Amino acid sequence: MKLILDEGLPVAAAEALRRFGISATHVLDIGLGGARDAVILAEALKDNACLVTRDADFHQILAATQASGPSVIRIRIEKLNAAELAVVIANAARYLNEEVRDNAAVSVGTSHLRVRRLPLK
(Lines give C-alpha, C1' and ligand atoms only; values in the text may rest on other atoms or scores of the structure.)
Protein backbone atom coordinates (compact mmCIF):
# COMPACT_ATOMS: atom_id res chain seq x y z
CA MET A 1 0.00 0.00 0.00
CA LYS A 2 1.23 3.47 -0.90
CA LEU A 3 0.43 6.47 1.26
CA ILE A 4 0.48 10.17 0.40
CA LEU A 5 0.47 12.48 3.41
CA ASP A 6 -1.33 15.79 3.11
CA GLU A 7 0.30 19.12 3.82
CA GLY A 8 -1.22 19.39 7.30
CA LEU A 9 0.84 16.40 8.43
CA PRO A 10 4.56 16.60 9.20
CA VAL A 11 7.07 15.54 6.55
CA ALA A 12 8.87 13.64 9.31
CA ALA A 13 5.83 11.34 9.63
CA ALA A 14 6.37 10.15 6.05
CA GLU A 15 10.02 9.54 6.84
CA ALA A 16 9.06 7.53 9.95
CA LEU A 17 6.55 5.48 7.96
CA ARG A 18 9.25 4.58 5.44
CA ARG A 19 11.42 3.35 8.33
CA PHE A 20 8.48 1.06 9.22
CA GLY A 21 8.64 -0.34 5.69
CA ILE A 22 5.57 1.53 4.45
CA SER A 23 5.68 3.32 1.11
CA ALA A 24 4.90 6.90 2.12
CA THR A 25 5.49 10.28 0.57
CA HIS A 26 4.48 13.78 1.55
CA VAL A 27 2.76 16.20 -0.83
CA LEU A 28 5.72 18.57 -0.42
CA ASP A 29 8.05 15.82 -1.71
CA ILE A 30 6.08 15.51 -4.95
CA GLY A 31 5.62 19.19 -5.71
CA LEU A 32 2.04 19.48 -4.48
CA GLY A 33 2.56 21.93 -1.64
CA GLY A 34 -0.34 24.38 -1.74
CA ALA A 35 -2.20 22.33 -4.36
CA ARG A 36 -5.99 22.23 -4.38
CA ASP A 37 -7.58 19.24 -2.68
CA ALA A 38 -8.95 17.94 -6.00
CA VAL A 39 -5.42 17.92 -7.47
CA ILE A 40 -4.08 15.96 -4.50
CA LEU A 41 -6.94 13.45 -4.75
CA ALA A 42 -6.28 13.03 -8.47
CA GLU A 43 -2.60 12.36 -7.79
CA ALA A 44 -3.45 9.73 -5.16
CA LEU A 45 -5.89 8.08 -7.57
CA LYS A 46 -3.33 8.10 -10.39
CA ASP A 47 -0.67 6.56 -8.13
CA ASN A 48 -3.08 4.03 -6.61
CA ALA A 49 -2.22 5.55 -3.22
CA CYS A 50 -4.19 6.24 -0.09
CA LEU A 51 -4.30 9.86 1.03
CA VAL A 52 -3.76 10.52 4.75
CA THR A 53 -4.99 13.84 6.10
CA ARG A 54 -6.45 15.77 9.02
CA ASP A 55 -8.71 17.69 6.67
CA ALA A 56 -12.45 16.84 6.53
CA ASP A 57 -12.68 18.41 3.07
CA PHE A 58 -11.38 15.28 1.36
CA HIS A 59 -14.22 13.10 2.65
CA GLN A 60 -16.67 15.83 1.66
CA ILE A 61 -15.25 15.91 -1.87
CA LEU A 62 -15.53 12.13 -2.14
CA ALA A 63 -19.15 12.30 -1.03
CA ALA A 64 -20.10 15.24 -3.26
CA THR A 65 -18.55 13.70 -6.37
CA GLN A 66 -19.61 10.11 -5.60
CA ALA A 67 -15.98 9.14 -6.30
CA SER A 68 -15.04 5.50 -6.12
CA GLY A 69 -11.45 6.30 -5.14
CA PRO A 70 -8.91 6.96 -3.84
CA SER A 71 -9.05 5.86 -0.22
CA VAL A 72 -8.67 8.65 2.31
CA ILE A 73 -7.69 8.16 5.94
CA ARG A 74 -8.59 11.15 8.10
CA ILE A 75 -6.67 11.34 11.38
CA ARG A 76 -8.79 13.02 14.06
CA ILE A 77 -6.27 12.81 16.90
CA GLU A 78 -4.64 16.09 17.88
CA LYS A 79 -1.28 16.91 19.46
CA LEU A 80 0.69 13.94 18.11
CA ASN A 81 4.31 14.44 17.18
CA ALA A 82 5.56 12.99 13.89
CA ALA A 83 6.70 9.68 15.42
CA GLU A 84 3.41 9.16 17.29
CA LEU A 85 1.44 10.09 14.18
CA ALA A 86 3.42 7.60 12.11
CA VAL A 87 2.54 4.82 14.57
CA VAL A 88 -1.17 5.69 14.38
CA ILE A 89 -1.07 5.80 10.58
CA ALA A 90 0.93 2.56 10.30
CA ASN A 91 -1.43 0.71 12.63
CA ALA A 92 -4.51 1.98 10.79
CA ALA A 93 -3.03 1.18 7.37
CA ARG A 94 -2.04 -2.34 8.37
CA TYR A 95 -5.33 -3.05 10.14
CA LEU A 96 -7.34 -1.66 7.22
CA ASN A 97 -5.20 -2.96 4.38
CA GLU A 98 -8.07 -4.71 2.59
CA GLU A 99 -10.55 -1.87 3.11
CA VAL A 100 -8.08 0.78 1.95
CA ARG A 101 -7.09 -1.31 -1.06
CA ASP A 102 -10.76 -1.58 -2.04
CA ASN A 103 -11.32 2.21 -1.60
CA ALA A 104 -12.83 3.62 1.56
CA ALA A 105 -13.20 6.78 3.58
CA VAL A 106 -11.66 6.10 6.98
CA SER A 107 -11.81 8.19 10.13
CA VAL A 108 -9.37 7.46 12.96
CA GLY A 109 -9.98 8.95 16.39
CA THR A 110 -8.69 8.29 19.88
CA SER A 111 -11.47 5.81 20.58
CA HIS A 112 -12.93 5.00 17.19
CA LEU A 113 -12.15 3.75 13.74
CA ARG A 114 -14.87 4.26 11.13
CA VAL A 115 -14.71 2.80 7.64
CA ARG A 116 -17.13 3.66 4.84
CA ARG A 117 -16.80 2.06 1.42
CA LEU A 118 -16.65 4.29 -1.63
CA PRO A 119 -18.61 5.69 -3.27
CA LEU A 120 -20.17 7.42 -0.25
CA LYS A 121 -23.93 7.65 -0.26
Looking at the chain as a GNM with Cα springs under 10 Å, which of 44, 83, 13 has the largest mean-square fluctuation?
83
Test of understanding: what is the full-extension gain from residue 78 to residue 29, defined as 0.36 nm times their sequence separation minus their Cα-Cα distance?
15.3 nm
At 1.4 Å probe size, put 2, 46 in order of accessible surface, largest to smallest.
46, 2
Quick check: net charge around residue 39, other residues with Cβ under 12 Å of its Cβ, Lys/Arg +1 and Asp/Glu -1?
-2
In terms of modelled amide H atoms, which long-range or inter-chain residues lie less than 5 Å from the amide H of residue 50?
2, 3, 4
From the P(r) of the stretch 44-93, could you give the percentage of C-alpha pairs in the tail past 14 Å?
55 percent
Each label point is 7 Å from the Cα along the Cα-to-Cβ direction; what then is the distance between the points at residue 94 and residue 120, in nm?
2.8 nm
Rounded accessible area of residue 61 (nearest 10 Å², 1.4 Å probe)
50 Å²
Heavy atoms of the protein only, probe of 1.4 Å, neighbouring chains included. What is the accessible area of residue 89 in Å², nearest 10?
0 Å²
Excluding residue 61 itself, calculate the net charge of residues whose Cβ lies under 13 Å from the Cβ of residue 61, where each Lys or Arg counts +1 and each Asp or Glu counts -1.
-2
Once phi for every residue in the stretch 20-25 is put through the Karplus expression 6.51 cos²θ - 1.76 cosθ + 1.60 (θ = phi - 60°), the whole-Hz ³J(HN,Hα) values, with Gly and Pro written as x, are 7, x, 9, 6, 9, 9
Using a 10 angstrom cutoff on alpha carbons, build the Gaussian network for the chain and name the most mobile of 108, 27, 39.
39
Could you sort 52, 87 by their accessible area in this structure, using a 1.4 Å probe and putting the largest first?
87, 52
Read through the labelled values [x] 34, 33, 24; [y] 43, 34, 23; [z] 46, 40, 25 and report the label of the one computed as Cα extents along the principal axes in Å from the structure.
[x]
Net charge of neighbours whose Cβ lies under 11 Å from the Cβ of residue 108, counting Lys and Arg as +1 and Asp and Glu as -1
+4
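The values are calculated or read from the model by the stated rules, or taken from the named source; none is laboratory data. Only a predicted model underlies this, so the values are computations on that prediction, with no experimental measurement involved. Using ideal geometry, Cβ is built from the backbone for each residue, glycine included, and neighbour counts are taken over all protein chains shown. When the accessible area is computed, the model is the full protein with side chains, heavy atoms only, and any ligands, DNA or RNA have been set aside. Shrake-Rupley method; radii C 1.70, N 1.55, O 1.52, S 1.80 Å.
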